[in-house]
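Please read the structure below before turning to the comments.
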Amino acid sequence: MEDLSRYYTLLRDPARRKIIEILGTQEKIGFKELRESLGLGVGTVYYHLDMLSNFIAQDKQRKYRLNDRGQMLYRVLKEGNVPATLGGGEAFSHSVGKWVFLSPLFARTIKPLRLLPVSIGLLFLGAFGAAYAKLDPALFFYFQYPSLGSTGLMMRYVFNWIGLFLFAELFTYLLYRRAGNDLQLFTCIGLATFPIAAFPYVYLFISEAIAQYLLIALQVWSLLLFSAALCFGKGIRLDKAVVVSLTAIYLNIAVLFMFGHFQ
């Protein structure tokens, strides 16, 4: 088949190699059986299947099987004609990216109830921080001189992120027909609020000039984490998740322009 080096990064993940091996040994398999064999969450399995979409097909019963390219890839894996480094240590850039996107943490949301209290705690931490620092939250943005009291600021912060969750649910369904797995997505989005939740506490101890640049950096990080949340919660590839994230930030900015926050 064509240059296999193009697929080394794709196959670096052991879960994706296992999917190829499972489909290679079985003619076809349903999603439920595949998920049970992998021991992974719904969103995570969908994500890996999406990454392997060039090698996998579905029949009329919506069962998965390898296509011709997938069969060739399976034979290569079976014959051991892949680099030894494929199953070895990860590249430095991959390791850094993993922690930038907090992938190890998001991966634990397979059982969302374990991290749901942490997600809710981060939401209320951000809400309390906004009220304590007297910053008006507007999803990915903050503004000085709020017109609301402390309770109003806290409620606005929480409702902003609940609104983002509902937007993600609707938009991923309209664009990619991904429904369900709501609790894992909500848990992941709660975790993704960490940079924005932390900003008010740092804001109290730095100058206005530094705060502006810091907020931009945290906004970028939050968008990356929101994209990762969509990957794990809805099982879509990062490039698709980024489309949803950028749409969210553009709508956020458009609404702020409408209400005169930007001149």
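The values are calculated or read from the model by the stated rules, or taken from the named source; none is laboratory data. On a predicted model such as this, the values are computed, not experimentally measured, just so you know. Quick reminder, even Gly has a Cβ in these numbers, built from the backbone with ideal geometry, and neighbours come from all protein chains shown.
Here residue 77 fulfils each of the conditions (1) within 22 Å of the chain's Cα centre (by Cα); (2) modelled with pLDDT under 80 apart from (1). Residue 179 satisfies every condition listed in (1) at pLDDT 95 or above; (2) within 22 Å of residue 40 (Cα to Cα) except (1). Looking only at the range 171-195, how many residues end up being over 19 Å from residue 118 (Cβ atoms), surrounded by fewer than 21 Cβ atoms within 10 Å (Cβ to Cβ) and of a type in the set (D, E, K, R)? Number satisfying all stated conditions: 1.
Given the residues 248, 254, which is the only one that is touching a residue at least 24 places away in the same chain (Cβ under 8 Å), in a helix (DSSP H, G or I) and assigned by TED's automatic domain parsing to the domain that holds residue 127? Of the residues listed, the single one that is touching a residue at least 24 places away in the same chain (Cβ under 8 Å), in a helix (DSSP H, G or I) and assigned by TED's automatic domain parsing to the domain that holds residue 127 is 248.
In the list 168, 198, which residue meets the criterion of being under 27 Å from residue 260 (Cα atoms), assigned by TED's automatic domain parsing to the domain that holds residue 221, surrounded by fewer than 22 Cβ atoms within 10 Å (Cβ to Cβ) and at pLDDT 95 or above? Of 168, 198, the one residue that is under 27 Å from residue 260 (Cα atoms), assigned by TED's automatic domain parsing to the domain that holds residue 221, surrounded by fewer than 22 Cβ atoms within 10 Å (Cβ to Cβ) and at pLDDT 95 or above is 198. Applying a threshold of 8 Å to beta carbon distances and a minimum spacing of six or more residues, or different chains, the list of pairs starting in the range 103-114 at a residue that is in contact (Cβ under 8 Å) with a residue 60 or more places away in the chain and of a type outside the set (S, T, N, Q) and ending at one that is surrounded by 14 or more Cβ atoms within 10 Å (Cβ to Cβ) and not in a helix (DSSP H, G or I) reads 105/115; 110/40; 110/41; 111/41.
For the range 221-241, the criterion of being assigned by TED's automatic domain parsing to the domain that holds residue 170, β-branched (Val, Ile, Thr) and in a helix (DSSP H, G or I) is satisfied by no residue at all. Of all residues in the range 36-72, those that are at pLDDT below 85, over 19 Å from the mean Cα position of the chain (by Cα) and under 20 Å from residue 103 (Cβ atoms) total 1.
Listed here are the residues, each with its yes/no results for (1) under 22 Å from residue 44 (Cβ atoms); (2) touching a residue at least 40 places away in the same chain (Cβ under 8 Å).
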{"position": "149", "(1), (2)": "no, no"}
{"position": "189", "(1), (2)": "yes, yes"}
{"position": "196", "(1), (2)": "no, yes"}
{"position": "203", "(1), (2)": "no, yes"}
